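Notes follow the structure.
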Amino acid sequence: MLLASNLHAESIDGVKILEQEASRARELQKLEYQAKLLEQRARVAKAYQDLKASGGAVPSDFSGMYGMQSNESKGQVVAAPISSQELLQVSVPKLKKMVGRNALFETSAGQVVAHVGMLLPGGYKLLSLDVASGAKLEKNGMIYLATIGW
């Protein structure tokens, strides 16, 4: 009997360890994704600045989409520093739960049940749902990952 309880205790510890490792892996995936987004924004800001410097025409509202600020007096555009915390607070809908092909999201407009292809409040389109990786959302050409918070 003592052996059985030891095995049960070890399996509970193993489950906790696996849950912690899965949580760490999800957090690492989010951080890597955010780093890629920041790199993309920097490349866009550089390309925008190069295009503007060469006399190319760009939409007037383009700079605001990528966190860039125009310095009109010098004719330069610089990337505004964006912390990873600010990037996470972009008001991306939070995935609360998944049921079959539907998912419950917490959005700026309240809770919404959605399926793939739907447009969520805030202009986010639900591209895909997967139990392992969560939801993939798209807005203005940017892809956002929403995982279920445990």
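Counting only residues that are of a type in the set (S, T, N, Q) and not in a strand (DSSP E or B), which one in segment 73-111 is modelled with the highest pLDDT?
Of everything passing the filter in segment 73-111, Ser108 is modelled with the highest pLDDT.
Since Leu38 meets every condition but one in (1) modelled with pLDDT of 75 or more; (2) more than 20 Å from Gly141 (Cα to Cα), which condition does it not meet?
(2)
If we keep just the residues of segment 40-56 that are crowded, with 17+ Cβ neighbours inside 10 Å and more than 23 Å from Tyr144 (Cβ to Cβ), which is farthest from the chain's Cα centre (by Cα)?
Lys52
From the list Gly134, Gly117, which one is of a type outside the set (Ser, Thr, Tyr), at pLDDT 85 or above and exposed (fewer than 14 other Cβ atoms within 10 Å of the Cβ)?
Every option except Gly117 fails the conditions.
The values are calculated or read from the model by the stated rules, or taken from the named source; none is laboratory data. The structure displayed is predicted, hence computed values, not measured ones. When we count neighbours, we look across all protein chains shown, and the Cβ atoms used for this are built from the backbone with ideal geometry, even at glycine.
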